Amino acid sequence: MYGGVGKHKRGIRSGCRRGKQSGLSRKAQKKFIATTDSRHGYFVFPNVYQNQRAFAPNQIWLADITYIQLRDHTVFLAAILDAYSRRVIGWALSRSLHASLVVEALTQALKHRTPLPGCIHHSDRGVQYACGEYTALLKQHGFQISMSRSGNPRDNGMMERFFKTLKYEEVYLTEYADEREALASIRRFIDQIYHQERLHSRLGYVPPFEFETQYYQPALTP
């Protein structure tokens with residue numbers, strides 16, 4: 001089971017209060033918007049990830065897109081997760097599903113990390129991830145490109161679970177007036193709650209930031 005106990009529950013309760021104060025209706029949960037269009041002519045890479053375990057940071061990066069319902073319109077969130085610690089290492093928000101959305105998330109991740117050649121980058125087979133602009137950037141940085149099988153969300157289950165956490169513990173509890181408000185609230189949730197407080201059973205009941213810090217700690221100890 002992927003999840004956590006303890007500190008993050010306080011964030012859920014405070015989020016419920018925010019939702020009630022804003023008069024949020026839960027209609028957003030019932031709406032579904034497709035974010036994957038695999039009907040394209042680009043090359044589809046085989047699934048080399050196959051849900052294998054990462055034993056260190058920057059061995060496997062996972063990427064996906066979801067939608068966020070604002071008060072008057074929908075925006076799209078692209079995120080990249082490090083499979084070792086489940087830490088969000090890059091993300092971007094946009095009204096458009098253009099490839100620039102996922103390029104921005106990847107560029108942000110590469111500003112903070114320099115994975116060695118051979119790092120697996122796994123995503124769905126949607127046009128944003130398969131297009132030449134995105135795959136060229138991956139190849140430039142030495143990534144091994146991997147894509148899910150058609151219609152199989154389990155191939156990228158860790159990303160699915162992260163988006164579920166984000167939506168149930170932040171998005172569904174808050175009514176965002178506009179993109180600026182959504183950006184600030186989601187950033188706060190990722191940086192302060194998800195990274196610093198939310199405990200994960202698969203990480204030994206510690207949050208992603210602490211789990212990753214533990215990996216580097218021996219190298220910092222004299």
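By the scheme Lys and Arg +1, Asp and Glu -1, what is the net charge of all other residues having a beta-carbon under 10 Å from that of ASP82?
+2
Please report CYS131, CYS119 as a ranked list, fewest other C-beta atoms within 10 angstrom at the top and most at the bottom.
Neighbour counts put them in this order, fewest first: CYS131, CYS119.
What ranking do SER150, SER100 get, fewest neighbouring Cβ atoms within 10 angstrom at the top? Show your work: numbers first, answer last.
On the way: SER150 11, SER100 16.
Least to most surrounded, the residues fall as SER150, SER100.
Quick one: which of 156-168, 205-217 comes out on top by average Cβ neighbours within 10 Å, and what's the full order, highest first?
Going by the mean number of other Cβ atoms within 10 Å, highest first, we get 156-168, 205-217.
Can you tell me what share of the DSSP beta bridges in the range 27-192 is antiparallel? A percent to the nearest 5 is fine.
The answer is about 70 percent antiparallel.
Label the range 40-106 by shape, choosing from rounded, prolate and oblate, from the square roots a ≥ b ≥ c of the eigenvalues of the Cα gyration tensor; if a/c is under 1.5 it is rounded, and otherwise prolate applies when a/b is larger than b/c, oblate when it is not.
Here the range 40-106 falls in the oblate category.
Given the range 27-192, what count of lysine pairs have C-alpha atoms under 14 Å apart, with each pair 8 or more places apart or on different chains?
Eligible lysine pairs with Cα atoms under 14 Å apart amount to 4.
Rank ALA177, HIS98, SER85 by how far each Cα sits towards the positive end of the charge dipole of the range 27-192 (+1 on Lys, Arg Cβ; -1 on Asp, Glu Cβ) and give me just the farthest.
Farthest towards the positive end: SER85.
Sorted by average packing, counted as other Cβ atoms within 10 angstrom per residue and highest first, what order do 80-87, 183-190, 69-76 take? All intermediate terms of the calculation are to be shown ahead of the outcome.
Numbers: 80-87: 23.0, 183-190: 17.1, 69-76: 14.5.
Put in order of decreasing packing, that is 80-87, 183-190, 69-76.
Quick one: order ILE193, ILE33 by neighbouring beta-carbon count within 10 Å, fewest to most.
Fewest to most other Cβ atoms nearby, the residues stand as ILE33, ILE193.
Let me have the relative contact order for the range 92-166, percent, based on Cα pairs under 8 Å that are six or more residues apart.
Reported as a whole number, the value is 29 percent.
Please report the net charge: other residues with Cβ closer than 11 Å to the Cβ of ASP155, K and R +1, D and E -1.
0
Under 20 Å from a point placed 7 Å out from the Cα of GLN192 along the Cα-to-Cβ direction: which residues of the range 60-84 have their backbone N that close?
The answer is none.
Read the figures in this text as sums done on the coordinates, not as results from a lab. Just so it is clear, the model here is predicted, and its values are computed rather than measured. Positions of Cβ are backbone-derived with ideal geometry, glycine not excepted, and every protein chain shown enters the neighbour counts.
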